[in-house]
Amino acid sequence: MAEILNKEDGKIVISFSVTKEEFNKALDVAFKKIVKRVNAPGFRKGKLPRSVFNKMYGEEALYQDAVDYILPNAYSKAIEELEINPLAMPEIDVKEMDKETGVSFEATVTVRPNVELGEYKNLGVEKEVVTVTDEDVDSRIEQILSRQAEWEIKEDEASAKGDIVVIDFKGYVDDVAFEGGEAKGYELELGSNSFIPGFEDQLVGHVAPADVVVNVKFPEEYQVADLAGKDAKFEVTIHDVKAKKLPELTDEFVKDLSKEAASTVEEYKAKLKEEITKEKEELAEKTYADKVLSTAVENAKVNVPAKLVEQEVSGMYKNFKSNLERQGISVELYEQFTGKSSADIKAEMSGEAEKKIKTSLVLDEISKVEKIEVTEEDVTREIKTLADAYSMTPEEVKKNLGTNFDIKSELIIKKTVEFLNENNK
């Protein structure tokens, strides 16, 4: 029989047990599993009698495996009987364990905490008024032309910010060359701030070929601990200086660039203005929606259980590691470069994790208060939308989503966010 011992906000302590018959059956299962691994003189592996095993190792050697066998089912039955909906892995202690009485457990279960909603309608959040100026269009054109630019070697002209210098360099600390401080034929864009502060500035104003001595100081928090905060000297040879040559904005260039969607420069500028306006409107809409949601969440009172934060951080860290590995970077290398330990990284994630959980709980509460529901027609429509977006059939979408994906819950969240937006305009 299961029983609730204590209730707190976001946490319930329960007790539950298994009978001596169930425990003895679990001991039998544990023995059959363990005996296959036991080497005993005079017996073939897996053929050691139970009585001999008990004399050699004591029956208590089976207890942990027996508990591992019976616990998942016993816990599931307990929370079902008590109608508890756990949100995280429980903390379970064995209180008593005996062949004659069975096993009793005590579990601390993380459950949905109380959510006290504040104001979430008519919040007075204002959406940014979108304006697109000629300067915005000119800036976009400059970016486009820059991407189409070619690099030409400057003859007898000094290097300037925005130029690329082709260099050999070798670095020294206390007149001793250090590892990783040397390269040949390196192309460095001046002003990119990709090197140590002050390095690029000292390469401005030189005519290639030129030999330059660059004196810098490594930042105090530099990723290589042996170099952090130290003065360094770099012997640099500038082989070439390359300047960016932008193409001329002509009607012919515009036709080719836009694949003849525009035939003149003015027409192209008008289309760019429409494009920029659409981008700004979409950004303004997203910024507005984010502000509405964050304000509604800030106005609510929720004590987010630490266990939920810990669980969310664990998932975030797992994704973080996977992303690094896809880039060919190990966590160890990342920690070496950044000087951050895994504990530091997880600590940084905890704030975001808590905010994410609180947002989810607040949205869930609003959906219940406002009786926001999802119909089968909504689900069918969403699946068709996804199918059209990814050029798939609805059946393929369902298969890819998998049985664990709760599309109704996702749609309720989506509808609740839409409700907040509509009620704050």
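The values are calculated or read from the model by the stated rules, or taken from the named source; none is laboratory data. Since the structure is predicted, the reported quantities are computational estimates derived from the model, not experimental observations. Counting neighbours? That spans all protein chains shown, and the Cβs are built from the backbone with ideal geometry, glycine included.
Assorted remarks:
- Residue that is modelled with the lowest pLDDT [pool: residues in segment 1-53 that are over 43 Å from the mean Cα position of the chain (by Cα) and among the hydroxyl-bearing types (S, T, Y)]: S51
- Any hit, segment 217-228, residues being farther than 24 Å from E335 by Cα, surrounded by 13 or more Cβ atoms within 10 Å (Cβ to Cβ), at pLDDT below 95 and under 39 Å from the mean Cα position of the chain (by Cα): no
- Residue list for segment 310-352, restricted to those being loosely packed, with under 15 Cβ neighbours inside 10 Å, within 16 Å of the chain's Cα centre (by Cα) and among the acidic types (D, E): E325, D344, E348, E352
- Candidates G180, G229 - the one that is part of a strand (DSSP E or B), among the small types (G, A, S) and under 28 Å from S341 (Cβ atoms): G180
- Residue satisfying condition, being under 20 Å from the mean Cα position of the chain (by Cα) and charged (D, E, K, R), within set K307, K291: K307
- The listed residue being among the basic types (K, R), closer than 29 Å to P72 by Cβ and outside any helix (DSSP H, G or I), out of K36, K45, K32, K25: K45
For every residue, the table says whether it meets (1) exposed (fewer than 15 other Cβ atoms within 10 Å of the Cβ); (2) touching a helix residue (DSSP H, G or I) at 6+ places or on another chain (Cβ under 8 Å); (3) among the β-branched types (V, I, T); (4) modelled with pLDDT of 90 or more.
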residue: E152; (1), (2), (3), (4): yes, no, no, yes
residue: D168; (1), (2), (3), (4): no, no, no, yes
residue: E179; (1), (2), (3), (4): yes, no, no, no
residue: I238; (1), (2), (3), (4): no, yes, yes, yes
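- Against the test of being assigned to a helix (DSSP H, G or I) and within 30 Å of V111 (Cβ to Cβ), the options L324, L308 yield a single qualifying residue, L308.
- The set of residues from segment 356-384 being farther than 15 Å from K398 by Cβ and under 27 Å from the mean Cα position of the chain (by Cα) comprises K356, I357, K358, T359, S360, L361, V362, L363, D364, E365, I366, S367.
- You will find that of T375, T403, T393, the residue that is without any contact (Cβ under 8 Å) to a residue 12 or more places away in the chain, touching a helix residue (DSSP H, G or I) at 6+ places or on another chain (Cβ under 8 Å) and not aliphatic (A, V, I, L, M) is T393 and no other.
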